[in-house]
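The values are calculated or read from the model by the stated rules, or taken from the named source; none is laboratory data. Bear in mind the structure is a predicted one, so any value in this text is a computation, not a measurement. So basically every Cβ, Gly included, is an ideal-geometry build from the backbone, and we count neighbours across all protein chains shown. The area values use the complete protein model at the heavy-atom level, side chains included, leaving out ligands, DNA and RNA. Shrake-Rupley method; radii C 1.70, N 1.55, O 1.52, S 1.80 Å.
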Amino acid sequence: MLLPIPEVLTSEQVAEARRILEQAEWVDGRVTAGHQSARTKDNMQLPENHPAAGQLGETILTALGQNPLFVSAALPARVFPPLFNRYQGGQSFGTHVDNAIRQVSGTGHRIRTDLSATLFFSRPDEYDGGELIVEDTYGVHHVKLPAGHMILYPSTSLHHVTPVTRGSRLSSFFWIQSMVRDDGQRTLLFDLDTAIQRINPAQPGDAAVVQLTGVYHNLLRRWAEV
Ligand code: NI
């Protein structure tokens, strides 16, 4: 499932994040790339232990924890501390698949990357190119979202970022280990939850809604690892 999550951050939060990111010192993005992706990755990144990364990461994680669409779609077990990157002057990231397992810097913690996320800080009219292209069995998807919006997609997909030929593209990127590892099962749960939410206000206390809610939780109980 490829899902845009609108308005993860408010315009004030985006402006504050940009102010902080524009003052930060950036390093070559290859520092966190795996063996294969290091060959095709050409961008700048905030060092993982940079205080700004920690501060902005907290803002993002707090916002996501309160975002019902994100929680329903991702069923998050663990979220990797958000990283930050910048593309400009023709920089791009060639086709790759994200590493399956990521170590959280400075800790013994590892997460399995079930879902990948990109949260946009730059407005689409501020830069040319810089599209995130995600390839899956349903075809090729072009993603370029408003500032403060986020895209969620399966980490199993091949993806790349096209060259930024004008302006600058600032974003945050990170991974989610889901309680439900399988994308197909997670998508079914999301569809069921969405449908229940849609009928619920119209049918308060309806026995069928209660039964469907039971089905949702019993599927989650069957498939979730916590
Ligand atoms: Ni990637």
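If the requirement is being open to solvent by 50 Å² or more (accessible area, probe 1.4 Å) and within 16 Å of the ligand (Cβ to nearest atom), which of these qualifies: Ile111, Ile101? Exactly one of Ile111, Ile101 is open to solvent by 50 Å² or more (accessible area, probe 1.4 Å) and within 16 Å of the ligand (Cβ to nearest atom), namely Ile101. Take the conditions within 22 Å of Val226 (Cα to Cα) and within 16 Å of the ligand (Cβ to nearest atom) and apply them to Pro82. Does it pass? Against the criterion (within 22 Å of Val226 (Cα to Cα) and within 16 Å of the ligand (Cβ to nearest atom)), Pro82 qualifies.
Give the residues of the stretch 117-143 that are away from the ligand (no atom under 16 Å from the Cβ) and either surrounded by fewer than 20 Cβ atoms within 10 Å (Cβ to Cβ) or at positive phi (or both), sorted by residue number.
Of everything in the stretch 117-143, those that are away from the ligand (no atom under 16 Å from the Cβ) and either surrounded by fewer than 20 Cβ atoms within 10 Å (Cβ to Cβ) or at positive phi (or both) turn out to be Arg123, Pro124, Asp125, Glu126, Tyr127, Asp128, Gly129, Thr137, Tyr138, Gly139.
Consider the stretch 73-91 and keep the residues that are among the small types (Gly, Ala, Ser) and buried (at least 18 other Cβ atoms within 10 Å of the Cβ). The one that is nearest to Trp175 (Cα to Cα) is Ala74. Looking across the stretch 1-31, the residues that are aliphatic (A, V, I, L, M), open to solvent by less than 70 Å² (accessible area, probe 1.4 Å) and in a helix (DSSP H, G or I) come down to Val14, Ala15, Ala17, Ile20, Leu21. In this structure, Leu152 does not satisfy being open to solvent by less than 50 Å² (accessible area, probe 1.4 Å), more than 16 Å from the ligand (Cβ to nearest atom) and under 30 Å from Arg18 (Cα atoms). Scanning the stretch 178-189 for residues that are closer than 14 Å to Ala224 by Cβ, in a helix (DSSP H, G or I) and in contact with a strand residue (DSSP E or B) (Cβ under 8 Å, 6 or more places away or on another chain) returns a single hit, Arg186.
Output yes when any residue across the stretch 46-67 is more than 30 Å from Leu189 (Cα to Cα), within 16 Å of the ligand (Cβ to nearest atom), modelled with pLDDT under 95 and not hydrophobic (A, V, I, L, M, F, W, C), and no when none is. Yes, the stretch 46-67 contains at least one residue that is more than 30 Å from Leu189 (Cα to Cα), within 16 Å of the ligand (Cβ to nearest atom), modelled with pLDDT under 95 and not hydrophobic (A, V, I, L, M, F, W, C).
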